[in-house]
Amino acid sequence: MRHRQDAKLYYSISEASAIAKVKPHVLRYWETQFKMLRPKKNKAGNRMYRKRDLRLIQIIKELLYDKGFTISGARRKLLDERAQLREQLDLP
């Protein structure tokens, strides 16, 4: 059964919330606070989370719940890490 779930390209908000162990309204709120968390939406307007969205959700959850960051602190840390990664990729 696990192999079948790994083969999926998109996950619904209920599937994503079950994987992350947070409620769907938490994911919707995080979308408003973390601009890098932008799941695609289908024609009906339903969110479709990709694997990279799920990884980002896990990172956000870890920062907020495990490490005790505030929303703005977690946002700043994610942006700083993204900037550092870009600098590393910009090789002369």
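The values are calculated or read from the model by the stated rules, or taken from the named source; none is laboratory data. Every value quoted in this text rests on a predicted model; they were computed, and no experiment measured them. So basically every Cβ, Gly included, is an ideal-geometry build from the backbone, and we count neighbours across all protein chains shown. The protein model used for the area step is the full one, side chains on, heavy atoms only, and it has no ligands, DNA or RNA in it. Shrake-Rupley method; radii C 1.70, N 1.55, O 1.52, S 1.80 Å.
A few remarks follow.
- So Leu78, is it surrounded by 15 or more Cβ atoms within 10 Å (Cβ to Cβ) and at pLDDT 95 or above: no
- Close pairs from region 13-38: first closer than 19 Å to Gly73 by Cβ, partner open to solvent by less than 10 Å² (accessible area, probe 1.4 Å) and in a loop (DSSP other than H, G, I, E, B), Cβ under 8 Å, at least 6 apart: Trp30/Leu37; Glu31/Leu37
- Pairs meeting the criteria (first residue in region 41-66 and touching a residue at least 24 places away in the same chain (Cβ under 8 Å) and within 14 Å of Val26 (Cα to Cα), second residue surrounded by fewer than 11 Cβ atoms within 10 Å (Cβ to Cβ) and not aliphatic (A, V, I, L, M), beta carbons under 6 Å, at least 6 apart or on different chains) are Arg47/Lys41.
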